[in-house]
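Peer 1: Can you keep this structure in mind? I'll have questions shortly.
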Amino acid sequence: MKIILLGPPGAGKGTQAKLITEKYSIPHISTGDIFRKNISEKTPLGIEAKRYMDNGQLVPDEVTIGIVNDRLSMNDCENGFLLDGFPRTVKQAEALDSFLNSNEQKIDTALLIDVPKEFILERMTGRRVCSACGASYHIKFNTPKVENKCDVCGGLLVQRKDDTEETVKERLDVYDRQTQPLIQYYKEKNILAKVDGTEEIGMVFEKICDVLGAVAK
Ligand code: AP5
Ligand code: MG
Ligand code: ZN
């Protein structure tokens, strides 16, 4: 199964990606996570990406496309993968299509997690992420078993630097201008599916499983 997760910042892409990739045993490829790992390791890529991410801007297409192509070329992607946060521009979507075409592959479904803007700010400012493994929590909607500790690995939970109110607003603007057009792009390819992302996490996951079950048949 080859899946793209679409949706605004804070829609729950990372949260659902984790559940989906566990269920289907496919790799979870999050460009945001790849950049954050490089930032924490202070690699040249991390240093460049940080300049954009801290302001809520997109990392340039040339950089991002190369990283995803390299990742998709790895053996564990042969039987499927889930892309979380990529593509984010029409140029990235076209590059992905041409990469997959040349490998005689295609995306099965582009799944939009639909969440209106009024929900987003509370989700983002209440988010906490594991500093060790990147798992995502929420102080109200998805609390860890032990306060400030990751359920998965025991790592310390921290707030993302781009989860301030000002940066979230900028990220939402960037989403409207640069990423929203992808909804139409995948609609025209007849692979767009949409789920209501305003319900609680388990319910959203159930609906996603229904959609993916229908795709797999
Ligand atoms: P990225 O890391 O992809 O951030 P994003 O798209 O802004 O999305 P988020 O990770 O903020 O939200 P999410 O949808 O994963 O929500 P989550 O599950 O955590 O990108 C960061 C930056 O990297 C970009 O701004 C850009 O600079 C750069 N970048 C990345 N990819 C790029 C690309 N392709 N091209 C160029 N630049 C790129 O959930 C959010 C919160 O809500 C959590 O606290 C969660 O617990 C809670 N929650 C989740 N679901 C629910 C629910 N159903 N009900 C209540 N709460 C919920
Ligand atoms: Mg995410
Ligand atoms: Zn962790």
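Peer 1: From (1) more than 24 Å from Ile139 (Cα to Cα); (2) of a type in the set (Val, Ile, Thr); (3) more than 12 Å from ligand 2 (Cβ to nearest atom); (4) in contact with a Cys (Cβ under 9 Å, 6 or more places away or on another chain), pick out the condition that doesn't hold for Ile29.
Peer 2: Status for Ile29: all satisfied but (3).
Peer 1: Could you list, ordered by first residue, the pairs with Cβ atoms under 8 Å in which the first is in the stretch 180-191 and touching a residue at least 12 places away in the same chain (Cβ under 8 Å) and aromatic (Phe, Trp, Tyr) and the second is assigned to a loop (DSSP other than H, G, I, E, B) and surrounded by fewer than 12 Cβ atoms within 10 Å (Cβ to Cβ), at least 6 apart or interchain?
Peer 2: none
Peer 1: Taking the conditions exactly as written (within 17 Å of Gly12 (Cβ to Cβ), touching a residue at least 60 places away in the same chain (Cβ under 8 Å) and not in a helix (DSSP H, G or I)), does Lys140 satisfy them or not?
Peer 2: no
Peer 1: I'm trying to understand the selection: among the residues of the stretch 135-184, which are among the polar types (S, T, N, Q), over 18 Å from the mean Cα position of the chain (by Cα) and under 21 Å from Asp114 (Cβ atoms)?
Peer 2: Within the stretch 135-184, Gln184 is the sole residue that qualifies.
Peer 1: Quick one: which of Arg177, Arg127 is in contact (Cβ under 8 Å) with a residue 60 or more places away in the chain and out of contact with any helix residue (DSSP H, G or I) (no Cβ under 8 Å at 6 or more places or on another chain)?
Peer 2: Within the list Arg177, Arg127, the selection yields Arg127.
Peer 1: Just name the residue that is nearest to ligand 2 (Cβ to nearest atom) out of those in the stretch 143-159 that are touching a residue at least 24 places away in the same chain (Cβ under 8 Å) and open to solvent by 80 Å² or more (accessible area, probe 1.4 Å).
Peer 2: Gln159
Peer 1: Which residue out of Gly10, Gly46 is under 18 Å from Leu112 (Cα atoms) and either open to solvent by less than 20 Å² (accessible area, probe 1.4 Å) or more than 16 Å from ligand 3 (Cβ to nearest atom) (or both)?
Peer 2: Result: Gly10 is the single residue among Gly10, Gly46 that is under 18 Å from Leu112 (Cα atoms) and either open to solvent by less than 20 Å² (accessible area, probe 1.4 Å) or more than 16 Å from ligand 3 (Cβ to nearest atom) (or both).
Peer 1: Among Thr198, Thr164, which is hydroxyl-bearing (Ser, Thr, Tyr), open to solvent by less than 70 Å² (accessible area, probe 1.4 Å) and modelled with pLDDT of 95 or more?
Peer 2: Answer to the selection: Thr198.
Peer 1: Out of Glu147, Glu104, Glu122, which single residue is of a type in the set (Asp, Glu) and outside any loop (DSSP other than H, G, I, E, B)? Walk me through it before giving the result.
Peer 2: Details: Glu147 fails: outside any loop (DSSP other than H, G, I, E, B); Glu104 fails: outside any loop (DSSP other than H, G, I, E, B).
Every option except Glu122 fails the conditions.
Peer 1: I'd like to check something: does the stretch 52-63 contain any residue that is within 22 Å of Cys133 (Cβ to Cβ), assigned to a strand (DSSP E or B) and more than 12 Å from the chain's Cα centre (by Cα)?
Peer 2: Looking for residues that are within 22 Å of Cys133 (Cβ to Cβ), assigned to a strand (DSSP E or B) and more than 12 Å from the chain's Cα centre (by Cα), one finds none in the stretch 52-63, hence no.
Peer 1: Can you tell me how many residues within the stretch 13-43 are within 18 Å of Tyr175 (Cβ to Cβ), open to solvent by less than 30 Å² (accessible area, probe 1.4 Å) and assigned to a helix (DSSP H, G or I)?
Peer 2: Residues meeting the conditions: 6.
Peer 1: Could you please give the count of residues in the stretch 74-91 that are part of a loop (DSSP other than H, G, I, E, B), at pLDDT 95 or above and either within 16 Å of Asp61 (Cα to Cα) or open to solvent by 20 Å² or more (accessible area, probe 1.4 Å) (or both)?
Peer 2: 6
Peer 1: Can you give me the number of residues within the stretch 118-135 that are of a type in the set (D, E, K, R) and away from ligand 3 (no atom under 16 Å from the Cβ)?
Peer 2: Residues meeting the conditions: 3.
Peer 1: Out of all the residues in the stretch 180-194, which are touching a helix residue (DSSP H, G or I) at 6+ places or on another chain (Cβ under 9 Å) and open to solvent by 60 Å² or more (accessible area, probe 1.4 Å)?
Peer 2: Within the stretch 180-194, Lys189, Lys194 qualify.
The values are calculated or read from the model by the stated rules, or taken from the named source; none is laboratory data. Small disclaimer: the values here were computed from a predicted structure and weren't measured. Don't worry about glycine lacking a Cβ; one is built from the backbone with ideal geometry, like all the others, and counts go over all protein chains shown. The area values use the complete protein model at the heavy-atom level, side chains included, leaving out ligands, DNA and RNA. Shrake-Rupley method; radii C 1.70, N 1.55, O 1.52, S 1.80 Å.
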